[in-house]
Amino acid sequence: MILFYKIFHKITELYADFKHEIYVKLCVAKGLKLGKNSVIRRNVNFGSEPFLIEIDDDSRIASGTTFVNHSGATVNLRKMEGYQDVRNFGRIKIGKNCAVGVNCVILQDVEIGDNCILGANSVLSDSMPDNTVYGGNPAKYICDTEDYGDFLKKSTVSYPIGLENNRENLNQWLIKNLPDKYKPAR
């Protein structure tokens, strides 16, 4: 029975990958600017105006990220006296070598500089300067990218780098060798 589950899972994964690849290609055809070596994970939503989005080289957008290029609330406002002409659209630009965490929302008129990190589940309504880390809802400055890198160096897991060529071998190494170490409760 487990073999059936594995086969079914593999088929659904292949279908999801194919569907995602088509979606990204359609967005690029509609004007999404996507830089070299950029990675767009599954379930990213470029909204109804992908032509207002630019993602530069070597950036990674995690799954569940949503790009919001306009305020849908203007439809409701236009029904009210004095707001019939309200419209709201804006561009979004992501610089080189950026990482956007899982389930982020990036609002219109926002630019993310080069070498930036936006933490998971963040809502970004203001631009980020180069080399910064932001997170939260609303997203706020946390530290410089190098400070975050220095912090991560302290908790780096050392393993034979050659294992990265075979994920199953790396997984087995992690199961066997990664210590049971957790952050203390606050």
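Quick look at the numbers
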read-out: Beta bridges by DSSP in the chain, antiparallel share as percent, to the nearest 5; value: 20
read-out: For the chain: accessible area per residue (Å², 1.4 Å); value: 69
read-out: Solvent exposure, largest accessible area first (probe 1.4 Å, DNA, RNA and ligands not counted), of His9, His20; value: His9, His20
read-out: Scattering profile of the chain at q = 0.19 Å⁻¹ [log10 I(q)/I(0), Debye over alpha-carbon scatterers]; value: -1.30
read-out: Of the DSSP H helices in the chain, those whose Cα atoms cover at least 24 Å axially and whose Kyte score averages -0.5 or more; value: 2-29
read-out: Most mobile listed residue (Leu34, Leu170, Leu77) in the chain, GNM with C-alpha springs under 10 Å; value: Leu170
read-out: Distance (nanometres) between label positions extended 7 Å along Cα→Cβ at Ala29 and Tyr159; value: 4.0
read-out: Dipole magnitude of the range 1-109 about its Cα centre (Cβ charges: Lys, Arg +1; Asp, Glu -1), debye to nearest 20; value: 240
read-out: Protein-only accessible surface order, largest first, of Met1, Met80 at 1.4 Å; value: Met1, Met80
read-out: Highest-first arrangement of 35-42, 149-156, 97-104, where packing means the average Cβ count within 10 Å; value: 97-104, 35-42, 149-156
read-out: Percent carbon-and-sulfur accessible area, the range 1-128, ignoring ligands, DNA and RNA, probe 1.4 Å; value: 56
read-out: Cα-centred dipole magnitude for the range 50-186, charges only on beta-carbon of K, R (+1) and D, E (-1), debye, nearest 20; value: 620
read-out: Rounded accessible area of Leu107 (nearest 10 Å², 1.4 Å probe); value: 50
read-out: Spatial separation of Cα centroids for the range 1-80 and the range 141-156, in angstrom; value: 28
read-out: Residue (of Gly149, Phe46, Tyr23) at the positive-pole extreme of the chain, dipole from beta-carbon charges; value: Tyr23
read-out: Estimated FRET transfer efficiency when R0 is 25 angstrom, pair Asn166-Ile22 (beta carbons, to 0.05); value: 0.30
read-out: Most positive-pole-ward Cα, Gly90, Leu118, Tyr159, against dipole of the chain from beta carbon charges; value: Tyr159
read-out: Count of lysine pairs in the range 1-137 with Cα separation under 17 Å (8 or more residues apart, or interchain); value: 9
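The values are calculated or read from the model by the stated rules, or taken from the named source; none is laboratory data. These numbers come from a predicted model, not from an experiment. When we count neighbours, we look across all protein chains shown, and the Cβ atoms used for this are built from the backbone with ideal geometry, even at glycine. The accessibility values were calculated without ligands, DNA or RNA, using every heavy atom of the protein model including side chains. Shrake-Rupley method; radii C 1.70, N 1.55, O 1.52, S 1.80 Å.
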